[in-house]
Amino acid sequence: MVSVSRESLKPFFEPRVVAIIGASDKPGKVGNTILINFLWGNFKGEVYPVNPKYNLLLEKRCYASVKDVPKPVDLAVIAVPASLVSKVMEECAEKHVKAAIIISGGFKETGPDGARLEKEVAAIARRGNIRVIGPNCIGVYNPETNVDTMFLPEEKLRRPPRGSIALLSQSGAFMGTMLDWAAYEGLGISKAVSYGNECDVDLIDLIEFLADDPSTRVIAVYVEGIEHGQKFIRVVKKATTKKPVIAIKSGRSTRGKAAVLSHTGSLAGEDVLYSMAFKQTGVLRAEDFEEMLDLAKAFALQPPATGDRVLIITDGGGAGVMAVDACEHYGLNVPELDPKLQEELKQYFPPYCSTHNPIDLTGDTDNQRYRIALEKAFLNYGGVDSALVILLVQAPSLTVDVVDIVRDINNKSTRPMVACCMGGEYSAKVAKEVERRGIPSYPTPERAVRAIWALTKYGQWKLREIRGNNRFHENLN
Amino acid sequence: MDLISQIFDNATREGRTVLLEPEAKTICMEYGIPVTKFKLATSEEDAVKYAGEIGFPVVLKIVSPDVIHKFDVGGVILNLKNRKQVREAYSKIINNVKHSKPDARIVGVLVQEMAPSSTEVIVGMTKDPQFGPALMFGLGGIFVEVLKDVSFRVAPITERDAREMITEIKGYPLLKGYRGMPPADVDTIVQILLKTSKLVTEHPEVDQLDLNPIMVYEKGAKVVDARMILSR
C-alpha cells in the first residue's frame, strides 16, 4: 500500500512533462507567474502552456486543450476559474494525466455551491485515476527539480535553497510566508506543499510520503483542522518513527459542544483533543511560527538526543544561569560533572573559571578554552547527551575563528550540539557562520534550550517506538 | 445473547440512551473493572436485606431513567450504619424524588457498599467526530472541575499510553503519596484505563462514559459511580 501511494504522489514532485492549464502572458495573473516559474526557473522537464486564447505564449507554442499536448502529461497545473475546472479535469482524464494541482479557489471554502463543485471535481479525478492536490492552494515547490507552482512572484517571495526541511501548509498565504522567511534565514527546503482543500491528497498522505523521502529530514506542518483523525493517528505514528514532525495547529479557542451529558465530554475541547493526537503520534506541537522554524532548523542540522543530560558551556555567567532556568522549565537535566573531569579542566583554566555545569569560561576567554571544554567535557565525556555552546562573542580575546573549533567538535560528535550567540549585528554574523558549519544557533538561551528539548523529546519518542511494546490492551489481568 | 448486549437491547427498547447505574456497573464488571458491591432493591425489606448482605455502612441511591443528577433531587444518602437507618433512608429517597421530580419513573433504590474515602480519580471516554473514542484520566473533584487537569488518549491505548496519561497530569505527585498520604495503586489505575479502552473499542455503541469517582487505595481501587451513554 505504501509504495502505491508513494508512486502516485511522485508526479507532483518529479514530473517530466507538465501542462500549465490557464497559462497567460498578462503580468500579475496566476497563470502567468506559474508559467514563468517553470519556463525561466530551471525546471528539469518539459513545459506545455494550455489556453485556447493563445497560439504562442512567451515564445512557446500554446495548446487549446491538454488533449492536444503531443506527449503524455505527468502533471497538470490548473489555474482557471472554478466553473471551468470540471471541464478541464474531464480533459485531463481523457489524456490520462497522472496528477493535477488545482490552484483555483471558489470551492468548499466558499459555501455549499462550491462544495458541490468540489465533489464533482473529486469524482472526475477518482474515475480518471488522477491524484489531486488542492483546490484552493498554491501547490508545490521542489527546489531539487524546480517544480514551482507558487504564484507569488520571486521578487516578493524569495525561494529558499535546497535543504532538508519539508513544509506543509493548509493555508497558501502561510506557506508563502514560511518560504520567504526560510529564504531570509537561509534555511534549506526539501519540498513544500500548500495542500488547500484536500479534495484528494490530504495532509496525512503527504506526511506518509515525506517520511520516506530521502531528501527530507524533518517535516514542519501548519494545520487548521484534520478531517480523518483516526487515520492521522495511525499513519503519523509510523511516520514519526522515521523522522520528526513539528506542527502548528491554529484555532485554539474552545468549541461549544451541545448537550454533553458526561463530564468527560464537557472537558474534551477541540484544542485538548488535538494536543492529545499530537502527543499520541509523537508530533511536536509548536506554539508559533518562530518555534516551528527554530525546531525545524535544529532537526535539519543535528541528530536527536538519546538522553536528557545537557552540558552548558558559556563565557558569561548570566547567560549560563538563564540556560539552566530554561532547562528546568523544559524538564531537562543539567548534571554535575565528574570530579575527576573537573580536576582535569582546572589544570587548563584560570582559577576563576567554573568547572561545574555550566562551565563558565568567563569574559576573558580565548578560543582555546572553548576547544578544551568541548573536547574534554563533551566529546570525550560520557556523562552528557547534548551540548549548548553559548558564545558571547563580545569577549575581547574571543575571535570569530571559534566557529571552526565548534565545527570540528560537531563533526566528530554523534550527539547533538546547539549554539547561542546573543547580541546585535556582530553576534548575528557569527551565528550565521556557526550555522554554515552545521550547528543551529539561536539568539537567546531560552530558544536554544527549547531546540535541545525538542531534540531530546523526539529522541526519546523514537527510541521507545522502535523498541516496541506497542500492542493495545496488552497485559490485562 | 451476552449480558452486555442484553443491557443495550433493553435500553434501546425502552428508548433510553443513558444507562441506569446498575447497568453501567454490570458492564464494568464484565470487563473486570472493580466497582463497589451493589444490589437493586425495590422495597424497604429488600434494601434492609441487601444492606445486611453487603455489610454496613452502605449508601442508597435512586435508580431512575429520568434522574441524571441524583444528588440534586435528594436521591443519594450516604453512610447508613444499621438496618433502621437503611429503612428510613429508603422511604426518604423515594419521597424526595417524588417531591422534586413527580414524573420520574422509579426503577428502585441501589444499595451500595460505602467505599472508604481516599484519593479520587476519574476515568472517562467521549466520542469525537474526528478522532473517535477519546479516553480521559484526571484526579477527581476540583482537579477536574476547576483546574481541568486531565489527560486524553485515543482508544485503543497501550499500557505505555495508560502510564503516560497518569504521569502527565499536574496532580500526579498527589498519587505518589503526599504529606503522609500513602501512595495510590497506580497499577490498578493502569488496568482500569486498559479495560475501559477495551470496553469502548469492543462496544462502539457506547458514546460517552464517566467512571467518577473512582476511589484509589494503596492496594486496589473501586468505581463508586458509573455513567454510560449510548449513541443514538
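When +1 charges are put on Lys and Arg Cβ atoms and -1 charges on Asp and Glu Cβ atoms, the dipole computed for the protein assembly as shown relative to its Cα centre reaches about 1040 debye.
For chain A, take the longest principal axis of its alpha carbons; what is the angle in degrees between that and the long axis of helix A:270-281, to the nearest 10 within 0 to 90? In chain A, helix A:270-281 runs at an angle near 70 degrees to the longest axis. Note on the protein assembly as shown: dipole from Cβ charges, positive end direction compared against A:Thr110, A:Trp40, A:Ser83; the farthest Cα belongs to A:Ser83. For a straight C-alpha distance cut-off of 14 angstrom, the aspartates and glutamates reachable from A:Lys297 (same-chain residues fewer than eight places away being disregarded) are A:Glu185, A:Glu435.
State the percentage of accessible surface on chain B attributable to carbon and sulfur atoms; use a 1.4 Å probe and exclude ligands, DNA and RNA. Carbon and sulfur atoms account for 52 percent of the accessible area of chain B. The DSSP beta bridges internal to segment A:1-133 are antiparallel in roughly 10% of cases. Of B:Asn10, B:Ile166, A:Ile165, which is farthest along the charge dipole of the protein assembly as shown in the positive direction, counting Lys and Arg as +1 and Asp and Glu as -1 at C-beta? Checking the options against the dipole of the protein assembly as shown, the answer is B:Asn10. Dipole of segment A:75-207, Cα-centred, from +1 at each Lys and Arg C-beta and -1 at each Asp and Glu C-beta, to the nearest 20 debye? Dipole size: approximately 200 debye. The alpha carbons of the protein assembly as shown give a radius of gyration and a Dmax of 31.5, 102 Å, in that order. Within straight-line reach of B:Lys84, meaning a Cα separation under 28 Å, sit the following lysines at least 8 residues removed in sequence or on another chain: B:Lys25, B:Lys37, B:Lys39, B:Lys49, B:Lys61, B:Lys70, B:Lys92, B:Lys98, B:Lys101, B:Lys222. Treating the Cα atoms of segment A:281-392 as identical point scatterers in vacuum, please give the log10 of the normalised Debye intensity I(q)/I(0) at q = 0.10, 0.18, 0.23, 0.24 Å⁻¹, two decimals. Results for segment A:281-392 at q = 0.10, 0.18, 0.23, 0.24 Å⁻¹ read -0.32, -0.94, -1.37, -1.45.
Taking a ≥ b ≥ c as the square roots of the eigenvalues of the Cα gyration tensor, chain B is oblate, since a/c reaches 1.5 or more and a/b is not larger than b/c.
Counting only protein heavy atoms and a 1.4 Å probe, chain A has 42 square angstrom of accessible area per residue. Here the translational diffusion coefficient of segment B:61-179 follows from Stokes-Einstein with Rh set to the Kirkwood radius across Cα pairs; for 20 °C and 1.002 mPa s it amounts to 125 µm²/s. The smallest convex shape that holds all Cα atoms of segment B:148-232, its convex hull, gives 97 Å³ per residue. The angle between the Cα long axis of helix A:402-412 and the main principal axis of chain A comes to about 80°, on a 0 to 90 degree scale. Comparing B:Ala184, B:Leu199, B:Val223 along the charge dipole axis of segment B:150-232, the residue lying farthest to the positive side is B:Ala184, per the Cβ-charge model. With a 1.4 Å probe on protein heavy atoms only, work out how much accessible surface A and B bury together, total over both chains, in Å² to the nearest 100. The contact between B and A buries close to 3200 Å². What angle do you read, to the nearest 10 degrees and between 0 and 90, between the alpha-carbon axis of helix A:30-40 and the longest principal axis of chain A? The helix A:30-40 is inclined about 70 degrees to chain A.
Taking B:Thr119, B:Thr188, B:Thr42 in turn, the Gaussian network model of chain B (Cα-Cα springs below 10 Å) assigns the largest fluctuation to B:Thr42. Restricting attention to segment A:83-199, lysine pairs at least eight places apart or on different chains and with alpha-carbon atoms under 24 angstrom apart total 10.
Put a plus charge on the Cβ of each Lys and Arg, a minus charge on the Cβ of each Asp and Glu, and nothing anywhere else: the dipole of chain B about its Cα centre is then about 600 debye.
For every helix of n ≥ 4 consecutive DSSP H residues, a contribution of -39,500 (n - 2.57) applies; sum these over chain B, divide by its total residues, and give [θ] at 222 nm rounded to the nearest 500 deg cm²/dmol. Computed ellipticity for chain B at 222 nm equals -11000 deg cm²/dmol. Restricting attention to chain A, close to 15% of DSSP beta bridges with both partner residues there are antiparallel. A cut-off of 5 Å between modelled amide H atoms, ignoring neighbours fewer than 5 places along the same chain, links A:Met422 with A:Leu391, A:Val393. Taking R0 as 60 Å, what's the FRET efficiency between A:Ser354 and A:Phe472 from their Cβ-Cβ distance, rounded to 0.05? Once the sixth-power term is evaluated, E becomes 0.75.
The values are calculated or read from the model by the stated rules, or taken from the named source; none is laboratory data. Given the structure is predicted, the values throughout are model-derived calculations rather than measurements. All Cβ positions, glycine included, derive from the backbone under ideal geometry; neighbour counts span all protein chains shown. Accessible surface is based on the protein model in full, side chains and every heavy atom, while ligands, DNA and RNA are left aside. Shrake-Rupley method; radii C 1.70, N 1.55, O 1.52, S 1.80 Å.
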